[in-house]
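Take a look at the structure set out below.
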Amino acid sequence: MTHQINSFLQLKTLILLVIFSSIFSTTKSFSQVTHEDIQTIISGEIALPVKNAILGSYSFAKDAPADFKAQLQLAKVLASHDFHKWAQVQYMEAIKLNPDNMEAHYLSGISLELLGESESSLAQYQKCAELDPDYAPLSFRIGELLGRAGQLEASVEHLKKYTQKRPDCAAGQRRLAQSLISAERYTEAEKYLSKVLLVHPNEKTSLNSMATVQLRLGNMEALTEYQKLLVKDDVENIAFPITDIINFTVELLNKSPNFWVEKSEVFDKANQLCSSIVCLEIAHEGRPSDPVIIDRIGRNYLRLGKYRKAVRYFNSSLNIDGSRTITLHNRALAFIEIGMIQSAIKDVDLIYVLEPDNKRSSGLKEKLDTVNRGRQ
Amino acid sequence: MGCIDVIISCDRLFLDFIPKSMSDFFSRVLKIAAMASISLTFIPACSSDNKQKPISNSKLEINTPLENESLTQNDADNKNPPSKTALNPWLVDVTQQSGIDFTYKIHSETAGPLIAAVGSGIAIFDADGDSDLDVYLAQASDTLPKGTPSKAGMNRFFEQIAPMKFIDSTEGSGLADEGFTMGVASGDYNNDGLPDIYVCNNGQDHLYKNLGGGQFTNVTTEAGIDIQGTSVSAGWLDYDLDGDLDLYVTQYVEYDIKTQCTDAAGRKEFCGPKAFPPSKDVLLQNTGDGKFIDVSTESGINKIAAASLGVVFLDQNADGLMDIYVANDAYANNLYVNQGDGKFVDLAPILGAALNMNGQKEAGMGVIAADFDNDSLLDLFVTHLVMESNTIYKNLGSNIGFNDTTGQSGLATSSMAFTGFGVSAMDLELDGDLDLFIANGKVTRGDSIFKCNTPPPFTEYSEPNHIYLNDGSGKFNIDKNPLCEFSKDVRTSRSIVHADLDRDGDLDLIVSNCQEPTQIFRNDAPRSGQWLVVDLLGIKGGPVTEGATVMAQDGEEILTRTFTTCKGYASAFPAEVHFGAVNPGNNIEVIWPGGIRENFNIEKWNQRVQLTYGEGETK
């Protein structure tokens, strides 16, 4: 019996040794991207510019192991060339250095989605949401992932949050409606689809979804009407699928700042301000001394109602070029919103020192003069 | 060790994302300990995998009877399943002993040609009328370098001579198609009682008429068939209810070998479908005199060009007419609802079967129409690319449509990291529900590389296959360990077809792989219930059997299966219906194409029965 117990203990010890050796070997190999890993990654038929980009970023990351930006940059470069598993390792390194950086969590979440690791991806997005609960795209991503995991009610709640934050985003309303159809909440789905079709009366997917809703509600006359609309030639599509978001995020790292400025303008027109900011931030990385890009970021924060953040960007822009009257004008608006009227007046006064004939700010000057007179 | 390797490598993926802190260290210890204990538990099962059970002489002597005769040997198996315990592998790789020695070969060292990634179909059918099942395997060919012996580049026909024993009978069979074959379909187009073969090629497709005795002849030209595109799947159906089989052929893209694609790192990569214009599918109407006419335009099928891969037939609205569901790669799926006047209307978007629940088009590959939750309605299951889950569309009822219930069914998160192609839905352990078997294999290499022995260009494209066990309510759990012979192998798999190859009452599997041998798995799962195989027989002037619905009882449940050869990916399944049931009933109901219902009473289960049209009790 004792012998049997000893044998059992020996076996158990052996098993534990195997387990611990696995742990340590795993830790050593996968805690961060090593020189050997980089050699593995760039081996084979990888294009020369890609090799150079990876080697260059790795060199910065290796020389500055405590530099968050250097670690994050390597992760981004790896992700941009579809090395998401390795990018993930680097994102973790970056997050260790700066656990509250939303961008690192967000990009990590995207890489995880591309790896098919939806549960881990969801965890990253949820961390992002803790860091910036107002960032609407997160609600969208979380809603989609929860829906895919079969948690329909939770998915609906997150998508509703998204539509509350972005009431003008038709793609969001449509996405919410689709989740509601899956949850067999047809009447609610109809409400959101109606909103989409008000803005985009010929949008194909919404027309199809509306037809589905009418079919399931038993409204056969309405169904026929939607079917008639669907056979028209001018149906449009406003789809904004995850693949677009991800392709966009991955693609972004390869493109020139101009590309991202243009991309931001597309988002601006669609009133998708957070997405626009993401584009502008990338453009800013490529052209850190461009006051126009920084001003545009500030302007979008202003439009989002994040006035203090907007002021910080306007300050940065004016530090580079203090003669930008547009930025002074925007900063004045932000100052007004946070009650710093005197600062706003100073900015507007400076506009007229720099450009005595400025017409854009005349209305603002009049208002501020009125306020100032009232105060006096 | 194979099983442990796979588990640790999966776990490493997970651990990559865990920060190195002490608290995480301990959680990692727990996770790995848990993983290791699971692995160790199943080492005996995995280790015993190499010890193949010899096929007993008595089994070799079984001559499968039809018509209510029971198989004494199988009854004995059911009463006393000697080796079928939970710790034994449920699916045993018997490829080596089977005599099927076949590898789908692409003669290229690097990724690139799209058609090379599409892979290869399988047909399992009784070619020679001897009641056992024979196998026809698709082969690539037109990328062969000059001087390569032609045998390597032709489709191969394996005749079963004893249970699970095959010989290569290609030579002289007339089935040695030398095109670049992707899919295969089998069906009796001329109603002579012998299944014929349609071969989907990149280039000219071919129709082979079965002459009997394992002999075929190419009748493509005399049948008036001239399909030159990139055909992937084909299926037989009687869409016009005229008593003969018509043919639907999926067409992928307007392929151009000169088009080169690279991945984000600049490496050569298999092109996706969007690199080419999509093609339009083809519907051929059988005129009844051995000829076909192309009715794609009049039927409305070719209004849409959509890179089609998989196709299944079902009567979605219970009007007795076969409808067509097509899985498209990167385009919305189509559900062509048969209007009864020779025309079809795509109602997939309105019926909720075109896009996934996020409103996204997915990369549809293989497709199955089957009743996963025993509600007598055929659900749809489509396999997809990495980052998309495989998707199940639950049938909510005739004229109501489908809802994507993948997440609720437990099928979403486990499939997101894999690329599914072939799919089979069968009752593995005879417990009255359909389990799912997915053949996985990447088309873009990514950087999650599994250890494997796959030769280039697929070395970095291999991944394990998956088994999902149905809990009886349409909810699935992925199964990794007990059946590890099937799921531990890391290959670039494409098609999967089930069939009772050894006629022992349970369903075995054949899996095709790129650059590695096609595998044959014998089902050794412990049996929870009894089995029944139903063969349908039509009569002259009556409805065809293809597309009939067969229903059996299992206690309170009604089991609904479709008599169809066309399902999965690019493949043909045997023309027979298999049931497993824990509390089987004796009544079998058949709904023949056209909607006529007949009831048949059978004496007992654990047998093969043949039900003939007109001999049942009409409802």
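On a per residue basis, the stretch B:237-381 carries 31 Å² of accessible surface, using protein heavy atoms and a 1.4 Å probe. Hey, if you put +1 on the Cβ of every Lys and Arg and -1 on every Asp and Glu Cβ in the stretch A:147-243, which of A:194, A:158, A:182 ends up farthest toward the positive end of that dipole? The residue sitting farthest along the positive end of the dipole is A:158. Note on residue A:187 and residue B:96: their simple-model spin labels are 6.6 nm apart, each label 7 Å out from Cα toward Cβ. Computed from point charges on the beta carbon alone (+1 for Lys and Arg, -1 for Asp and Glu), the dipole magnitude for the stretch A:147-243 about its Cα centre is near 340 Debye. Relative to the isolated chain, which residues of the stretch B:329-352 have their accessible area cut by 30 Å² or more in the presence of all protein chains (1.4 Å probe, heavy atoms, no ligands or nucleic acids)? Listed by number, the residues meeting the 30 Å² cut-off are B:349, B:350. Computed over protein heavy atoms with a 1.4 Å probe, the accessible surface of the stretch A:147-243 works out to 45 Å² per residue. Looking only at the stretch B:224-251, which residues have a backbone nitrogen under 11 Å from a spot 7 Å from the Cα of residue B:178 in the C-beta direction? It comes to no residues whatsoever.
For residue B:326, what is the net charge nearby, where nearby means another residue's Cβ is under 12 Å from its Cβ and Lys, Arg count +1, Asp, Glu -1? In short, -3. Carbon-plus-sulfur accessible fraction, the stretch A:291-375 (probe radius 1.4 Å, protein heavy atoms only): 50%. On a per residue basis, the stretch B:432-540 carries 24 Å² of accessible surface, using protein heavy atoms and a 1.4 Å probe.
Put simply, chains A and B cover up around 4800 Å² of each other's accessible surface, both sides summed, when a 1.4 Å probe is used. Based on the Cβ-Cβ distance from residue A:357 to residue A:321, what FRET efficiency comes out when R0 is 25 Å, to the nearest 0.05? Efficiency at R0 = 25 Å is approximately 0.80. Each Lys and Arg Cβ is given +1 and each Asp and Glu Cβ -1; about its Cα centre, the stretch A:291-375 then shows a dipole of about 380 debye. By accessible area, using a 1.4 Å probe on protein heavy atoms only, the stretch A:72-136 has 47% of its surface on carbon and sulfur. 3J(HN,Hα) couplings calculated from phi for the stretch A:102-116 with the Karplus curve 6.51 cos²θ - 1.76 cosθ + 1.60 (θ = phi - 60°) are, in sequence order, 5, 4, 4, 5, 5, 5, 4, x, 5, 4, 5, 4, 5, 7, x Hz; Gly and Pro show x.
For residue B:500, the residues whose modelled amide H falls within less than 5 Å of its own, excluding neighbours fewer than 5 places apart on the same chain, are B:508. The mean number of Cβ atoms from other chains found within 10 Å of a Cβ in peptide A:175-185 is 3, as a whole number. Please work out the FRET efficiency for the pair residue A:39 and residue A:100, using the Cβ-Cβ distance as r and a Förster radius of 41 Å; give the result to the nearest 0.05. My answer for the efficiency is 0.80. Other residues lying with their Cβ under 9 Å from the Cβ of residue B:520 contribute a combined charge of -1, Lys and Arg counting +1, Asp and Glu -1.
Using a simple spin-label model with pseudo-atoms 7 Å out from Cα toward Cβ, residue A:373 and residue B:539 lie 10.4 nm apart. Approximating the spin labels as points 7 Å out from Cα along Cα→Cβ, the residue A:131-to-residue B:604 distance works out to 6.9 nm. Can you give the local net charge around residue B:354? Use residues other than it whose beta-carbon is closer than 9 angstrom to its beta-carbon, Lys and Arg +1, Asp and Glu -1. Net of charged neighbours comes to 0. Each Lys and Arg contributes +1 and each Asp and Glu -1, all at the Cβ; summed about the Cα centre of the stretch A:34-133, the dipole is approximately 240 debye. On the stretch A:147-243, 52 percent of the accessible area sits on carbon and sulfur atoms, based on a 1.4 Å probe. With 20 Å² as the minimum drop in accessible area between chain alone and full protein complex (1.4 Å probe), the qualifying residues in the stretch A:74-105 are A:81, A:82, A:83, A:85, A:88, A:92, A:96. Placing unit charges on each Cβ (+1 for Lys and Arg, -1 for Asp and Glu) gives the stretch B:542-593 a dipole about its Cα centre, and among B:543, B:560, B:572 the Cα reaching farthest toward its positive end belongs to B:572.
Ordering of A:55-64, B:394-403, A:173-182 by packing is A:173-182, B:394-403, A:55-64, highest average first (other Cβ atoms within 10 Å, averaged per residue). Residue-wise HN-Hα couplings along the stretch B:585-595, as the Karplus relation 6.51 cos²θ - 1.76 cosθ + 1.60 with θ = phi - 60° gives them from phi, are x, 9, 8, 10, 10, 10, 9, 7, x, x, x Hz; Gly and Pro carry x.
The values are calculated or read from the model by the stated rules, or taken from the named source; none is laboratory data. Keep in mind that what you see is a predicted model, and the values were worked out from it rather than measured. Here Cβ is always computed from backbone atoms with ideal geometry, including for glycine, and neighbour counts include all displayed protein chains. These accessible areas exclude ligands, DNA and RNA; they are computed on the full protein's heavy atoms, side chains included. Shrake-Rupley method; radii C 1.70, N 1.55, O 1.52, S 1.80 Å.
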